[in-house]
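The structure appears below as structure tokens.
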């Protein structure tokens, strides 16, 4: 490998949100979704050059950044977008919130998968919108949203369907037929769609393909806000460069109006990092995917030997969704935290029986963490799991 993904970088004494949570404890943090890998050299060099320039006044997205996104969507996902469709944002979560507020009115409601990245539900709550939860089901080892029937409580006030592809948690990459079912649901109920596709570059399963929801047909494009970012793919989430792709001019105007005076423009260094990532970062990304695939496969094999834990193998992302219900403990996240491993609590995503584990780290650290988990389980069930 040209890049060293096993390099151990001390983040415990940095400003890392992920590591600061346990700064005074012997806990390995595998929770929030950033990786412990050094960002690509092309990004570091571009940032160093910008800092050396020494002037940090107001900035605007360079035309090159929009052109790079247009080319990326075309080359990787066969989606031919226009630069005018792109609205750059200082983070994907702000895009989720803006989508809720621009596509729904007070008194209207949103449909959200029942297992989902927490900001989806908090965006609806903060806007005062009611939520209808669409069930997730396990289908041949893949977590998929079930829209065959209407979610409980639907009363005609629904205006927005919120989707995540690849799905977080679970790492499912939706197939075309599954996306078409989602579109048919949106059409039947006259819903706009917000599709979070931030993990689209992080495909681990050979042969799977990311299909942007808006590419299904023109109807899908005209009702959809798609959110993308280089932040997860290139480990620059702390710089906050994201984009909303909105083909429908009327929806785009509403979205832009909603952000006015509230959501700031993108930081000048974030613009530099995003441009470098999409222009020159592919060799690094290719090697990172190979390393993450190795971490995923090691983790799946190791957890298969631990009876109390069950993991569906994620097709994408560096986030494992682990069923710990067989442990017999009330709070699996707290149990593993006490054992020295910091995971995301499943309750935040919709099911307290689960934990989410971030395997975007050097493999020796991942091994150390999982062995701590295994020892804690052995201490809990010294004679094996309860019958």
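The values are calculated or read from the model by the stated rules, or taken from the named source; none is laboratory data. Quick caveat: nothing in here was measured; it's all calculated off a predicted structure. No Cβ is skipped: glycine too gets one built from the backbone with ideal geometry, and neighbour counts run over all protein chains shown.
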Selection from the stretch 62-81 of residues touching a residue at least 40 places away in the same chain (Cβ under 8 Å) and over 23 Å from the mean Cα position of the chain (by Cα) yields 62, 64
Note on residue 255: of the conditions (1) crowded, with 20+ Cβ neighbours inside 10 Å; (2) not assigned by TED's automatic domain parsing to the domain that holds residue 63, unmet is (2)
Counting only residues that are outside any strand (DSSP E or B), within 23 Å of residue 122 (Cβ to Cβ) and within 18 Å of the chain's Cα centre (by Cα), the stretch 315-351 contains a total of 9
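Show me the strands (runs of 3 or more DSSP E) entirely contained within the stretch 72-161 in which 2 or more residues are surrounded by fewer than 23 Cβ atoms within 10 Å (Cβ to Cβ) and touching a strand residue (DSSP E or B) at 6+ places or on another chain (Cβ under 7 Å). First the steps, then the outcome.
Values: elements: 86-89, 109-113, 130-134, 136-139, 142-145.
In the stretch 72-161, 86-89, 130-134, 136-139, 142-145 are the strands (runs of 3 or more DSSP E) which contain 2 or more residues that are surrounded by fewer than 23 Cβ atoms within 10 Å (Cβ to Cβ) and touching a strand residue (DSSP E or B) at 6+ places or on another chain (Cβ under 7 Å).
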By residue number, the members of the stretch 48-71 that are crowded, with 18+ Cβ neighbours inside 10 Å, out of contact with any helix residue (DSSP H, G or I) (no Cβ under 6 Å at 6 or more places or on another chain) and not assigned by TED's automatic domain parsing to the domain that holds residue 200 are none
The condition from (1) more than 18 Å from residue 21 (Cα to Cα); (2) touching a strand residue (DSSP E or B) at 6+ places or on another chain (Cβ under 9 Å); (3) crowded, with 17+ Cβ neighbours inside 10 Å that residue 362 misses is numbered (2)
Only one of (1) part of a loop (DSSP other than H, G, I, E, B); (2) in contact with a strand residue (DSSP E or B) (Cβ under 7 Å, 6 or more places away or on another chain) does not apply to residue 56, and that is (2)
